[in-house]
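The values are calculated or read from the model by the stated rules, or taken from the named source; none is laboratory data. Since we're looking at a predicted model, the values are computed, not measured. Here the Cβ positions follow ideal geometry from the backbone for every residue, glycine too, while neighbour counts run over all protein chains shown.
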């Protein structure tokens, strides 16, 4: 995700119109149906997923002990898979951001569900959330997409929102993860804990950064962060971003950061 792509715009759109809640119900039903399918996959692959990254801190050796320690307190975690459909995001050759974010987000969803968290994935395929948007009366597809993501978070309602994206830079030497946060204590804490986990994976010492101009960070009231999982323009980062093993490691790092945050609050 390039910084310019998510600059906040102060379009508020029109008021809600009759029939919008029915349309929302259809969208939510599609998401919940997809969750049911992915939950079945969780049950069958939980052991494989948790063992995919040896040496990574799982808080305890026993997944059931970890679940008991963290608790299943119905705090909803919304995983926002960046871009989708006509919006490919940033790219490198034939590699598209939307495909990487979906792959990482699906793995993150399965990890969180296998640990007993109430996780929801807002995009389970290659489509644009703006296709179903009725909240924002704007000619801008990009703004309609952002409004759809924001309103889903508010409607659930989500307690934590983690938006997965991929970075890009002109220089191939620029690499590593970056977590963006709103200038608010809980958002910073979540960003710090996820950043620490990703730093350990990448062998870096990056600090999270305030994401002041970003729409989702300004509009969503829940604790929200944007995770830039790496630079698709970097050969070193692409090895992680574009392989199942690397995607699993990234998802595990983000999941551990989320779990650590929920233990703190």
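Annotations
- Taking the numbered list (1) in contact (Cβ under 8 Å) with a residue 60 or more places away in the chain; (2) touching a strand residue (DSSP E or B) at 6+ places or on another chain (Cβ under 8 Å); (3) surrounded by fewer than 24 Cβ atoms within 10 Å (Cβ to Cβ) in turn, residue 250 passes all entries but (3).
- Whichever residue in the stretch 185-227 is out of contact with any helix residue (DSSP H, G or I) (no Cβ under 7 Å at 6 or more places or on another chain) and without any contact (Cβ under 8 Å) to a residue 12 or more places away in the chain and, among such residues, is farthest from residue 156 (Cα to Cα): 203
- Of residues in the stretch 82-97 being closer than 11 Å to residue 166 by Cβ and buried (at least 24 other Cβ atoms within 10 Å of the Cβ), the one modelled with the highest pLDDT: 97
- Restricted to helices (runs of 4 or more DSSP H) entirely inside the stretch 171-265, those with at least 2 residues that are modelled with pLDDT of 95 or more are 185-202, 235-241, 244-264.
- The C-beta contact set for the stretch 235-246 (first residue on the phi < 0 side of the Ramachandran plot and surrounded by fewer than 12 Cβ atoms within 10 Å (Cβ to Cβ), second residue assigned to a helix (DSSP H, G or I) and at pLDDT 95 or above, distance under 9 angstrom, 6+ apart or interchain) comprises 244/103; 244/107.
- The residue of the stretch 141-170 that is surrounded by the fewest Cβ atoms within 10 Å (Cβ to Cβ), among those that are at pLDDT below 90 and assigned to a loop (DSSP other than H, G, I, E, B), is 157.
- Answer residue from the stretch 65-81, given it is more than 23 Å from residue 233 (Cβ to Cβ) and modelled with pLDDT of 65 or more and is surrounded by the most Cβ atoms within 10 Å (Cβ to Cβ) among those: 79
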